[in-house]
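The values are calculated or read from the model by the stated rules, or taken from the named source; none is laboratory data. The structure presented is a predicted model; accordingly, all values stated were derived computationally and were not measured. Here the Cβ positions follow ideal geometry from the backbone for every residue, glycine too, while neighbour counts run over all protein chains shown. Ligands, DNA and RNA are stripped out before the accessible areas are found, and what is left, the full protein with its side chains, is counted by its heavy atoms. Shrake-Rupley method; radii C 1.70, N 1.55, O 1.52, S 1.80 Å.
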Amino acid sequence: GAAAHAIAVIFSQAAGDEREEAEAEVLYRQGLSILRRCLGPGHADTLHCLNNLALCMADQGKIQQAEQLLRRTVAGMEMVLAPTHPRPIQALSNLACCLAEQGKVEEAETNHRRAFENAKKRLGWQHPETSACAQSLAQFLTSCGRCTEAALLELQADQLGRPCWKRGRT
């Protein structure tokens, strides 16, 4: 199971065309099937594979299917992983991006903000996932025409994300 998942990850990263993306999806599905049987559907590794399958499907334009998988991923990860684990936050941010791509702007913003707030509270400003969530939210805000709000968020993240001895220096 883990081997099939690892192969799918490598394959999807190398995928350059639709055929390769479709092959990566098949490998993710095979890995997911094995992980479900061996570890159970609620295991963290199974949920991580489900997240990656959703991203692979989104890359192929199967956005609605990806959304459903990401909703299951977020719900499962929030149940089984510690609040300080970055994967539920990553999955929530992935869901927000998927929703935005479908034009579900209000729900996308809610989830982007939730992911960012969770990252700040649970991981701290200096964690890479917090920076990624801030960047994702800022990109979303920019795409909605809220460039000033996005710029302020980026400035805040830049200042607070640096170690205290480096703040105020360029």
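Tabulated results
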item: In Hz, Karplus ³J(HN,Hα) per residue of segment 61-76 (6.51, -1.76, 1.60; θ = phi - 60°; x = Gly, Pro); result: x, 8, 5, 5, 5, 4, 4, 4, 5, 5, 4, 5, 4, 4, 4, x
item: Centre separation in Å (Cα based) which lies between segment 107-146 and segment 50-71; result: 20 Å
item: Surface accessible to a 1.4 Å probe, L27 within the full protein complex, Å²; result: 40 Å²
item: Environment charge of T46, counting only residues whose C-beta is closer than 14 Å and scoring Lys/Arg +1, Asp/Glu -1; result: +4
item: Proximal charge balance of N111 [Cβ under 12 Å; K/R count +1, D/E count -1]; result: -1
item: Probe 1.4 Å - accessible area at C144, Å² to nearest ten; result: 50 Å²
item: Gained length - E20 relative to Q126, 0.36 nm times residue gap less alpha-carbon distance; result: 34.6 nm
item: Cβ-derived FRET efficiency at R0 25 Å, Q68 paired with V105, nearest 0.05; result: 0.85
item: Whole-percent pair-distance distribution, where bins are 10 Å wide, for the alpha carbons of segment 55-122; result: 24, 53, 22, 1
